[in-house]
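The structure under discussion appears below in the form of structure tokens.
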Amino acid sequence: MSPRRQLPSSNLTPADVSRLKVLVVDDHAMTVRLVTDVLRAAGVEHVHGASDGLRARDLLSAIHPDIIFTDSKMPHMDGLEFTRSIRRAAIHADPRVPNPQVPIVMVTADRSVRDVHIARLAGVNEFVIKPFTPAALLSRIQLVLTKPRPFIISEAYVGPDRRRRVELNYSGPLRRTSDPDEVADGVERDQARETIGVELEAMRRLVAARGGVDRATLQMIYRVMQHTTFRARQVRDRAVERASLSMLAYVDAMGGPDACDPEVIEAHFETIGALLKTEALDEATAAKLAQDLERMVAMKTMLRRVAAA
């Protein structure tokens with residue numbers, strides 16, 4: 001098995017990651033499991049789950065987590081009140097909260113300015129927007145642990161310094177007409193390829209951890225391939241763009257995880273990985289690798305149509 005890769009510019013070593021203790025709080029068991037599988041596939045060995053803020057708060061003293069991922073909307077105690085209860089312990093000691101300064105990442109579908117402002121006032125460090133990808137989760141770990149912000153304790157506010165601009169980790173297609181169509185800078189290209197590689201490795205480990213491709217995993221693969229297509233297009237990596245588009249076309253044609261052949265998915269992973277590793281790969285060879293995938297998808301699609309007829 002190849003060594004676990006890290007996100008670009010990360011100072012965290014695989015040993016650091018393996019020792020982390022992470023608490024995942026969400027009232028949807030499938031989300032807890034998905035986040036847990038992503039983190040464990042990335043090398044985090046100690047991941048604990050809770051279904052709401054009350055249960056999570058009762059676990060804090062036993063777990064002593066290094067980082068918390070919490071949903072915003074949950075029964076009994078939501079993510080905002082859970083965060084406030086942790087931060088309040090910095091002023092009024094609470095035996096249930098051993099570390100009031102523990103980094104808290106909110107995993108939420110709420111991305112409005114108002115929602116972000118309220119969460120920041122509660123003392124949230126960072127955000128991951130649903131639906132998420134492996135790199136989104138891993139990048140938040142990297143950020144809160146390698147670039148910690150000063151912790152503020154005052155009558156008006158308790159939590160991480162809010163003066164740094166909050167990033168919502170959106171990595172999909174650019175949306176403003178003023179955004180550039182392509183990025184040709186060599187540094188940007190290297191960073192894009194490294195990020196694609198990290199996502200790819202995370203997905204392969206996730207598939208292995210879950211024992212195959214279920215619906216939730218397939219949805220994440222689809223999002224990762226959308227992001228891969230975008231990143232490859234931005235840096236003019238045509239072969240990687242074609243390979244990721246081929247994966248998207250295959251998933252669309254199959255219509256669900258039950259019909260997707262794991263060998264076809266792995267073939268796409270293998271090809272994209274080969275394209276990323278070989279800088280000196282000539283255009284003709286790279287184009288042939290992408291073309292082979294397209295032919296495979298065309299054949300699988302035809303066979304499915306014949307079987308359905």
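A short reminder: the numbers here are calculations on the coordinates, not readings from a lab. Given the structure is predicted, the values throughout are model-derived calculations rather than measurements. Glycine gets a Cβ as well: all are built from the backbone with ideal geometry, and neighbour counts include every protein chain shown.
Here is how the numbers come out for the structure above:
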{"read-out": "Angle in degrees between helix 113-122 and the longest Cα principal axis of the chain, rounded to the nearest 10", "value": "40"}
{"read-out": "Dipole in debye (nearest 20) - the chain, about Cα centre, beta carbon charges: Lys, Arg +1; Asp, Glu -1", "value": "560"}
{"read-out": "Length gained when the stretch Asp261-Ala287 is fully extended (0.36 nm per residue, less Cα-Cα span)", "value": "7.0 nm"}
{"read-out": "Extended-chain gain in nm, criterion 0.36 nm per residue less alpha-carbon gap, Glu81 and Asp16", "value": "20.4 nm"}
{"read-out": "Computed magnitude of the charge dipole of the stretch 90-138 (debye, nearest 20; Cβ of K, R +1, Cβ of D, E -1)", "value": "80"}
{"read-out": "Antiparallel bridge percentage (DSSP; both residues within the chain; nearest 5)", "value": "15"}
{"read-out": "FRET efficiency, Thr146 to His92 (Cβ-Cβ, R0 22 Å, nearest 0.05)", "value": "0.15"}
{"read-out": "Exposure proxy order (Cβ contacts within 10 Å, fewest to most) of Asp26, Asp16, Asp252", "value": "Asp252, Asp16, Asp26"}
{"read-out": "Residue exposure sequence - Met225, Met299 - by fewest surrounding Cβ within 10 Å", "value": "Met299, Met225"}
{"read-out": "On Cα atoms only, tilt of 79-88 relative to the major axis of the chain in degrees", "value": "40"}
{"read-out": "Value at 222 nm in deg cm²/dmol, rounded to 500, when DSSP H runs of n ≥ 4 in the chain each add -39,500 (n - 2.57)", "value": "-17500 deg cm²/dmol"}
{"read-out": "Acute angle (nearest 10 degrees) that the helix 29-41 long axis makes with the longest principal axis of the chain, alpha-carbon atoms", "value": "70"}
{"read-out": "Computed FRET value (nearest 0.05) for Asn99 with Ala308, which takes r as the C-beta separation and R₀ as 41 Å", "value": "0.15"}
{"read-out": "FRET efficiency, 1/(1 + (r/R0)^6) with R0 30 Å, evaluated for Leu59 and Ala156 via beta carbons", "value": "0.55"}
{"read-out": "Selection from Gln101, Ile272, Ile196 lying farthest towards where the dipole of the chain points positive, charges on Cβ", "value": "Gln101"}
{"read-out": "Charge dipole of the chain about the Cα centre (unit charges at C-beta), most positive-ward option of Ala208, Ile91, Ala136", "value": "Ile91"}
{"read-out": "Read-out Cα extents along the principal axes in Å, derived from the coordinates shown; its label in (i) 65, 44, 39; (ii) 53, 47, 38; (iii) 84, 41, 30", "value": "(i)"}
{"read-out": "Burial ordering of Ile118, Ile104, Ile63, fewest other beta-carbon atoms within 10 Å first", "value": "Ile118, Ile63, Ile104"}
